[in-house]
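Structure first, commentary second.
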Amino acid sequence: MSDKEKLIMQEYGSPTAESTINGCKKDNKRKLPWYFASGFLLFWALLFFAVVIPIFYRLPTALTMEDAQKNVFIAERAYKDLYYLSNIGTKMVGSRANEIEAVEFLLKQLNQIKEDSLKDYFDIEIDLSQVSGEFIYSDLINMYQGVQNIAVKISSKNSTSQNYLLVNSHFDSKPDTPSAGDAGFMIVTMMEVLRVMATTKQTFEHPIVFLFNGAEESFLLASDGFIKTHKWAPNLKALVNLDAAGSGGREILFQSGPNHPWLVKYYKKCAKYPFGSTVAEEIFQSDALPSDSDFRTFKKHMPGLDMGQVINGYIYHTKYDTIDVIPRESLQNSGDNVLSLVRCLSNATELHNTEAHKIGHAVYFDFLGLYFFHYSESTGESLNFGVAGTALILAFISMWRMAAVSHASICYVIRVFIIVHVMQIISFVLAFAFPIVVAYAMDSFGLSLTYYSNLLLVVGLYVCPSLIGLRLPITIYYSLQRNNKISSPYHLQLALHSQASILAILAIFFTVLGIRSSYIFTIPLIFYVISLGLNLMTILHDLGYAWTGLLKVSQIIPFLYSSYLFYLFIVVLVPMVGRSGSAFNLDMAIAVLAALGTVLSFGFLVPLINTFRRPSLVIFSLVATTTLAIYLASSTQIGFPYRPKTSGHRVAFLHVRNRFYEYDGSLSKDESGYLFNYQDRREEKALEGTKVNLTGLVSIESNCYTHMMCGMPLFDFRYVDNRFQSKWLPREVPVIPPGSIKLELLSKTILNTTTVRFEFSMEGSAQMNLFFQPYEDVKITKWSFLSEYLDNPPAYPLSYHVCFNYGIDSSPLKFFLEITKWNGNFKVPLFQMGVSGHFIGYKRDAESEKFASSFPSYAILADWPSSYDRYIF
Ligand SMILES: [Zn+2]
């Protein structure tokens, strides 16, 4: 030991066996007073609220017309377009608003852009097209007729490239929403990008096709038609897709490729305000979220980037998706990003031969929107394995050093480590178990979603219990352990090594599984490795608690990153829980996410609380916070999930008229009522104590065992998947839908002894559904719809389902079925057929108006008149 070391040892106290006799007492002297523990936790809380949150919501200054000469994206201009577009109101496929008014508005603006463009530099071609077709999507056939696309191609005069870049978004909407955010926002962004490019003397190599598509919301129809039939489709090589699941913030890159890491390279190089994560991509592509985008259609034909607005998902697909909640700064953010990204990609050499650049996946993420990291999946694997391996090796070296300094055997230190490790694993498990218990218990008492409007409750309900879990076993262990051979500071380091080895094992495990998101374990680990390495290189490792300084500093960056990332997930996913159906307790998912965020943000910090006196006080304050949060959530208005307008209770129901016709044509049943498809876990319980009269509400589950399609117009997969949770409320006054579906049997022809052919014609609504179910011994062997669907009928034994939408072309749908029956007896019932229609531009009748107006102000109704006629042929 050098003189200098001896000196420091005297000052800090040596960690050797002799000096730790009465270790606890001595150790306590070295510890900081208990109130520093609160300061320590407050520091990290402050870091989150004063740094992470403001950065998360930061937007650039919106440019105005004064900047118009600078050839940059002008938010003010885009905002003006959005004002007109969203004022058109609801734009359902097949409605006048969508097919005529929106199309006219867009064409007018686009023609103006063409008029104002630099004609010596660019050619602009505007193409309005109608498409028809069909495809299989989620257990049903989607058939469409005359849906519209407006495609604009801009190319530089000096370019001969036949490889085009596609930029896509949609202008149609769900029922009853002005769809300012989804996706009017992106439509006007595209328009402004085109406007700037067309008036700037800056040419580019590859032509760009801007696709303003008129049918996305009903199962991605227009994109399907476009890619299959449009004259420019064969030239399209890469895609920038723009959509929304929220409104008014920064747009996130949430899907890329697949398999084309060069696209993310351009995003990194060009996006001005990068925001994106592989984790978001992997979550989205697991199909766990109730969202979809045209990217699904296009990715089969070309690689691309999928970007969307994600914050404030509460208003998504509701009447509150208005321009008022969109700051101009948000348009500036997306506009700057899209403009510079499109410029870069339109000069990308990779576009000449994209196949040659199909090399593996990418790992990518932004650090607080300030810097974008991007590397290949294989680099990611090496990095994860390398860091995990280094952490394990350094932990071993550290233990060896502890043994040497403490005059204990390495076997002894490893034995202690194993005990500490078991405690740490228990901590890790409890960090997840406690929040899950809270989520489970709250849900059991009907108190799910209490944090829906108050995200701060997530901290009290899930983050604090997770911290308690992390803290409790180690606190108990240290208060009980009387091991004096190695010092308390060493014990503490062993706990941190244990935390590091858990992360290392998780990083290795998930990397082996091929999960690119495993980088989230590597980030805190890298910084732990750095601080441990530095502590080992200096003698800080062996000087009491002196090593904690470097450790604390090193954890600032991983803390900022992990808390930022998990805040993003909470902000995005909480509103989605409000529309994910009622079948599952999704509070559990939020609890697990919050716990994972806590473990990654605080994993190396929580054990440091032992460097303060009376660390159990921290546990008491965490328990007190959790108790307070549970009280606020369960017994006060704070925990009531919904608020009018901003975060309402989504109530979706159809005004249904069901008519059952028998084989002889007689009407055997004619019922009217409301069919509820609950969007969240609270179901009708959210309406208890209000004026809404739900007397007579019944589950439709039993119908599902006796009737085709539960005897109800289950028109999309959400209604189908959630059918056992769906409820029916009969009403006395018949529902009279504003239109009716006219089904006509054109002919019934016996083709041979076993086969008969039926021809039909159907018309009456832009949204129609057909359900078929043959009786026993009968088979549909041929029909006019996609034949591959007949070969692979839907997994659930409900019925064959064809969904039919039309855009501008309302001509009747003509179709045929060929039915085979081996005994050739066609004079008995052969099959059931259900026909349902949904009607746009409707007005509620007096009865349903009365019903609708009884809902409390926090309910956002999505109600729709619907007819369902069942026939037997
Ligand atoms: Zn959309």
* **Selection from the stretch 28-56 of residues that are surrounded by 13 or more Cβ atoms within 10 Å (Cβ to Cβ) and closer than 17 Å to Pro327 by Cβ** => Ile53, Ile55, Phe56
* Asked: Of the residues in the stretch 352-397, how many are of a type outside the set (Asp, Glu) and either more than 18 Å from Tyr267 (Cα to Cα) or in a helix (DSSP H, G or I) (or both)?
  -> 24
* Structure fact -> Output for Cβ contacts, cut-off 8 Å, separation at least six or different chains, first residue over 28 Å from Arg415 (Cα atoms) in the stretch 491-517, second assigned to a loop (DSSP other than H, G, I, E, B), reads Arg516/His361
* To do: Test each condition in (1) modelled with pLDDT under 95; (2) surrounded by fewer than 19 Cβ atoms within 10 Å (Cβ to Cβ) for Ala652 and report the one that comes out false.
  => (2)
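Scanning for something out of contact with any Cys (no Cβ under 6 Å at 6 or more places or on another chain), touching a residue at least 12 places away in the same chain (Cβ under 8 Å) and part of a helix (DSSP H, G or I), does the stretch 171-181 turn up at least one residue?
Yes, there is a match, as at least one residue in the stretch 171-181 is out of contact with any Cys (no Cβ under 6 Å at 6 or more places or on another chain), touching a residue at least 12 places away in the same chain (Cβ under 8 Å) and part of a helix (DSSP H, G or I).
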* Subset of the stretch 376-431 that is among the small types (Gly, Ala, Ser) and more than 44 Å from the chain's Cα centre (by Cα) - its residue that is nearest to Ile508 (Cα to Cα) -> Ala403
* Asked: Given the conditions (1) aromatic (Phe, Trp, Tyr); (2) modelled with pLDDT under 95; (3) over 24 Å from the mean Cα position of the chain (by Cα), and given that Tyr674 satisfies all but one, which numbered condition is not satisfied?
  -> (2)
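Quick one: is Leu790 surrounded by 14 or more Cβ atoms within 10 Å (Cβ to Cβ), free of Cβ contacts under 8 Å to residues at least 24 places away in the same chain and in contact with a strand residue (DSSP E or B) (Cβ under 9 Å, 6 or more places away or on another chain)? Please lay out each step first, then the result.
Working: surrounded by 14 or more Cβ atoms within 10 Å (Cβ to Cβ): yes; free of Cβ contacts under 8 Å to residues at least 24 places away in the same chain: yes; in contact with a strand residue (DSSP E or B) (Cβ under 9 Å, 6 or more places away or on another chain): yes.
Criteria met by Leu790.
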* Asked: Mind checking which pairs have a first residue in the stretch 628-639 that is more than 15 Å from Phe445 (Cα to Cα) and a second that is of a type in the set (S, T, N, Q), Cβ under 7 Å, 6 or more apart or different chains?
  -> Ile638/Asn454
* Structure fact -> Those residues of the stretch 263-278 which are more than 28 Å from Thr646 (Cβ to Cβ) and either within 16 Å of the ligand (Cβ to nearest atom) or not in a helix (DSSP H, G or I) (or both) amount to Ala271, Lys272, Pro274
* Among (1) in contact with a Gly (Cβ under 6 Å, 6 or more places away or on another chain); (2) without any contact (Cβ under 8 Å) to a residue 24 or more places away in the chain, the one test that Ala356 misses -> (1)
* Structure fact -> Val188 passes all but one of the listed conditions (1) within 16 Å of the ligand (Cβ to nearest atom); (2) in contact with a Ser or Thr (Cβ under 8 Å, 6 or more places away or on another chain); (3) among the hydrophobic types (A, V, I, L, M, F, W, C); the exception is number (2)
* Within the stretch 334-375, how many residues are surrounded by 22 or more Cβ atoms within 10 Å (Cβ to Cβ) and under 20 Å from the mean Cα position of the chain (by Cα)? -> 6
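Can you find, within the stretch 474-494, the residue that is nearest to Val618 (Cα to Cα) among those that are of a type in the set (A, V, I, L, M, F, W, C) and buried (at least 24 other Cβ atoms within 10 Å of the Cβ)?
Looking only at the stretch 474-494, we keep the residues that are of a type in the set (A, V, I, L, M, F, W, C), and these are 474, 476, 480, 486, 492, 494.
Next, from what is left, pick out any that are buried (at least 24 other Cβ atoms within 10 Å of the Cβ): 474, 486, 494.
On the way: Ile474: 13, Ile486: 25, Leu494: 21 Å.
Looking at the filtered set, the residue picked out is Ile474.
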* Which residue pairs have Cβ atoms under 7 Å apart, sit 6 or more places apart or on different chains, and have a first residue in the stretch 205-218 that is closer than 16 Å to Thr160 by Cβ and a second that is within 16 Å of the ligand (Cβ to nearest atom)? -> Ile208/Val167
* Mind checking whether some residue in the stretch 622-636 is part of a strand (DSSP E or B), within 35 Å of the chain's Cα centre (by Cα) and on the phi < 0 side of the Ramachandran plot? -> no
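May I ask you to list the residues in the stretch 127-152 that are in a strand (DSSP E or B) and surrounded by fewer than 20 Cβ atoms within 10 Å (Cβ to Cβ)? Spell out how you get there, then give the answer.
Residues of the stretch 127-152 in a strand (DSSP E or B): 127-137, 140-152.
The answer is Asp127, Leu128, Ser129, Gln130, Ser132, Gly133, Phe135, Ile136, Tyr137.
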* To do: Tally the residues that are farther than 30 Å from Ser156 by Cα and β-branched (Val, Ile, Thr), restricting the search to the stretch 313-358.
  => 6
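Given the structure, is Ala280 modelled with pLDDT of 95 or more, farther than 20 Å from Val325 by Cα and touching a strand residue (DSSP E or B) at 6+ places or on another chain (Cβ under 6 Å)? If you could, list the steps in order and put the result at the bottom.
Details: modelled with pLDDT of 95 or more: no; farther than 20 Å from Val325 by Cα: yes; touching a strand residue (DSSP E or B) at 6+ places or on another chain (Cβ under 6 Å): yes.
No.
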* To do: Looking only at the stretch 294-312, decide whether some residue is more than 19 Å from Asn213 (Cβ to Cβ), within 16 Å of the ligand (Cβ to nearest atom) and part of a helix (DSSP H, G or I).
  => no
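Can Phe604 be described as closer than 26 Å to Leu494 by Cα and not in a helix (DSSP H, G or I)?
Numbers: closer than 26 Å to Leu494 by Cα: yes; not in a helix (DSSP H, G or I): yes.
Yes.
Can you tell me how many residues in the stretch 90-110 are among the polar types (S, T, N, Q) and assigned to a helix (DSSP H, G or I)? Write out each step before concluding.
In the first step, residues of the stretch 90-110 are kept if they are among the polar types (S, T, N, Q); the result is 90, 95, 98, 109.
Then drop every residue that is not assigned to a helix (DSSP H, G or I), which leaves 98, 109.
Going through the stretch 90-110 one residue at a time, the tally reaches 2.
Return yes or no: is Pro261 modelled with pLDDT under 95, buried (at least 22 other Cβ atoms within 10 Å of the Cβ) and not hydroxyl-bearing (Ser, Thr, Tyr)?
Working: modelled with pLDDT under 95: yes; buried (at least 22 other Cβ atoms within 10 Å of the Cβ): yes; not hydroxyl-bearing (Ser, Thr, Tyr): yes.
Yes, satisfied.
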* Asked: Looking at the stretch 152-167, is at least one residue within 27 Å of Asp81 (Cα to Cα), within 16 Å of the ligand (Cβ to nearest atom) and at pLDDT 95 or above?
  -> yes
* Across the stretch 693-704, what is the number of residues that are surrounded by fewer than 18 Cβ atoms within 10 Å (Cβ to Cβ) and either aliphatic (A, V, I, L, M) or at pLDDT below 90 (or both)? -> 3
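The values are calculated or read from the model by the stated rules, or taken from the named source; none is laboratory data. As the structure is a computational prediction, the values presented were derived from the model and not from experiment. Neighbour counts are summed over all protein chains in view; Cβ atoms, including those assigned to glycine, are modelled from backbone coordinates with ideal geometry.
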